[in-house]
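Okay, so here's the structure we're looking at.
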Amino acid sequence: MLHEYRDVITHMKQNDAANAHFLKIFDRHNDLDTQIAKGESGELPMTDLELEKLKKEKLLLKDEAYAMIIEYKKEHNL
């Protein structure tokens with residue numbers, strides 16, 4: 001997720017206490033990515049509606065994480 005901000009994300013992860021919410025979002029996004037891949041491959045049975053719901057949730061989390069990354073980057077002059 002957001003590979004172009006890998007350095008900022010690493011910096012954020014090093015300060016777990018201050019960025020607990022970001023880490024929760026990051027982990028949930030990765031979990032959803034795995035579930036979606038399994039759903040698309042047929043490994044995890046799910047309907048198109050269920051798959052669409054997971055994709056929408058993943059996108060919302062990515063948007064929220066992006067906003068947090070940009071804010072963190074500004075605050076820490078990265």
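The values are calculated or read from the model by the stated rules, or taken from the named source; none is laboratory data. Predicted model only: the values in this text are computed from it and were never measured. Glycine gets a Cβ as well: all are built from the backbone with ideal geometry, and neighbour counts include every protein chain shown.
Scanning the stretch 18-46 for residues being among the basic types (Lys, Arg) and in contact (Cβ under 8 Å) with a residue 12 or more places away in the chain gives a total of 1.
Residues checked against (1) surrounded by 13 or more Cβ atoms within 10 Å (Cβ to Cβ); (2) of a type outside the set (A, V, I, L, M, F, W, C); (3) under 18 Å from Glu4 (Cα atoms):
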residue	(1), (2), (3)
Asp27	no, yes, yes
Met46	yes, no, no
Lys56	no, yes, no
Lys73	yes, yes, yes
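Any residue at all in the stretch 1-14 that is at pLDDT below 95, among the hydroxyl-bearing types (Ser, Thr, Tyr) and either touching a helix residue (DSSP H, G or I) at 6+ places or on another chain (Cβ under 8 Å) or on the phi > 0 side of the Ramachandran plot (or both)? Break it down stepwise before answering.
Here is the first cut: in the stretch 1-14, the residues at pLDDT below 95 are 1-14.
Those left that are additionally among the hydroxyl-bearing types (Ser, Thr, Tyr): 5, 10.
Pick out the ones that are also either touching a helix residue (DSSP H, G or I) at 6+ places or on another chain (Cβ under 8 Å) or on the phi > 0 side of the Ramachandran plot (or both) and you get 5.
Yes, that holds for at least one residue.
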